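Structure first, then comments.
The values are calculated or read from the model by the stated rules, or taken from the named source; none is laboratory data. Predicted model only: the values in this text are computed from it and were never measured. Positions of Cβ are backbone-derived with ideal geometry, glycine not excepted, and every protein chain shown enters the neighbour counts. The area values use the complete protein model at the heavy-atom level, side chains included, leaving out ligands, DNA and RNA. Shrake-Rupley method; radii C 1.70, N 1.55, O 1.52, S 1.80 Å.
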Amino acid sequence: MEAKREEAKGKKMIYLNIGDPPLYGFKSFRVIAEGVKRALDENCQGYAPSEGDETLRNMVAKIEKCKPRGCVRRCRPYRGYRLFFHSFIGFGEKVLLPNPVYPLYLSKAKQFEGDSVFYRHDADGQIDVGNLARKIEGAKAIVIINPNNPLGAVYSEKNLSDVVHLCAEHDVPIFYDGSYDQLVFEGKPVDFRKIARKRFRSYTGAHFRRGSTIPVHG
């Protein structure tokens, strides 16, 4: 509301509260747009299997080097969030969330009566591993959002490696929300999958686009 009031006074506002790449010139890959058009022409408009389209899951399993039964494809990230919290978080169980955090994660933690515990960032916007280490004991899962939403910080490979190492030591599953981790304006994108595979005994990936949401099970 404050932004709207300033805009009414003639001030030009840049809204960054909702992630919407098309507003800034980004377009879907042509192969995706053509695939959607083709699916509509073929009347592919019914309900998909609960675990996701079999052909897509098999392809994801091939890319992630895991079994198809370990892949779940959900329509829209929101359903992925719900599946994660429903599967991992119960009454009074600790879930580690970044501070600041995308509000949907906080509301889902409350919905499933979990205990939200926040880990901090340092002055450079990286995850404060020392702070996380003091809070990780007894956690049922941790949420990592990269780039952080709403902070906007992009985590370095070393920072993510340190966090994954800590989580592996404590056997804490990671829910990685990398919706925009390929949209970086400085440096190179970090491949979280490669980092996770080095540290966790088993790795299960599930893609959610817009973005990839990947539960990593220790």
Surface share of carbon and sulfur [accessible, 1.4 angstrom probe, percent] for the chain: 54 percent
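For the range 94-165, what is the accessible area per residue in Å², given a 1.4 Å probe and the full set of protein chains?
Accessible surface, normalised per residue, equals 45 Å².
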Förster-model FRET efficiency, 45 Å R0, Leu40 and His170, C-beta, rounded to 0.05: 0.45
In Hz, Karplus ³J(HN,Hα) per residue of the range 40-49 (6.51, -1.76, 1.60; θ = phi - 60°; x = Gly, Pro): 5, 5, 8, 6, 7, 10, x, 6, 8, x
Those aspartates and glutamates that a straight Cα-Cα span of less than 16 Å connects to Lys108, excepting residues fewer than 8 apart in one chain: Glu93, Asp177
The chain, helix-only ellipticity at 222 nm - DSSP H runs n ≥ 4, -39,500 (n - 2.57), divided by all residues, nearest 500: -10000 deg cm²/dmol
Whole-Hz ³J(HN,Hα) from phi, Karplus 6.51 cos²θ - 1.76 cosθ + 1.60, for the range 102-109, glycine and proline x: 5, x, 4, 5, 5, 5, 5, 4
Listed residues Asn148, Ile32, Ala61: farthest to the positive end of the dipole of the range 1-149 (Cβ charges): Ile32
5 angstrom amide H check on Ser179, placed H, neighbours 5+ away: Asn146, Ser212
Environment charge of Val190, counting only residues whose C-beta is closer than 9 Å and scoring Lys/Arg +1, Asp/Glu -1: -1
Amide H contacts of Phe118 (H built 1.01 Å from N, under 5 Å, at least 5 apart or other chain): Leu97
Estimated distance in nm for a label pair at Asn131 and Phe26, the labels positioned 7 Å out from Cα along Cα-to-Cβ: 2.6 nm
Extension reserve of the Arg120-Lys67 stretch, reckoned as 0.36 nm per residue once the Cα distance is removed: 15.6 nm
Asn99-Ala48 pseudo-label distance in nm [points 7 Å out on the Cα-to-Cβ vector]: 3.7 nm
Whichever aspartates and glutamates have a C-alpha closer than 16 Å to that of Lys94, once near sequence neighbours (fewer than 8 apart) are set aside: Glu113, Asp115, Glu137, Asp171
Fluctuation leader among Ser156, Ser179, Ser50 - the chain, Gaussian network, Cα springs under 10 angstrom: Ser50
Long-range amide H partners of Arg73 with built H, under 5 Å: Gly52
Over 28 Å between alpha carbons, listed pairs Lys65/Lys135; Lys27/Lys62; Lys62/Lys188: Lys65/Lys135
Under 14 Å, Cβ to Cβ, from Ser87 - net charge with Lys/Arg +1 and Asp/Glu -1: +3
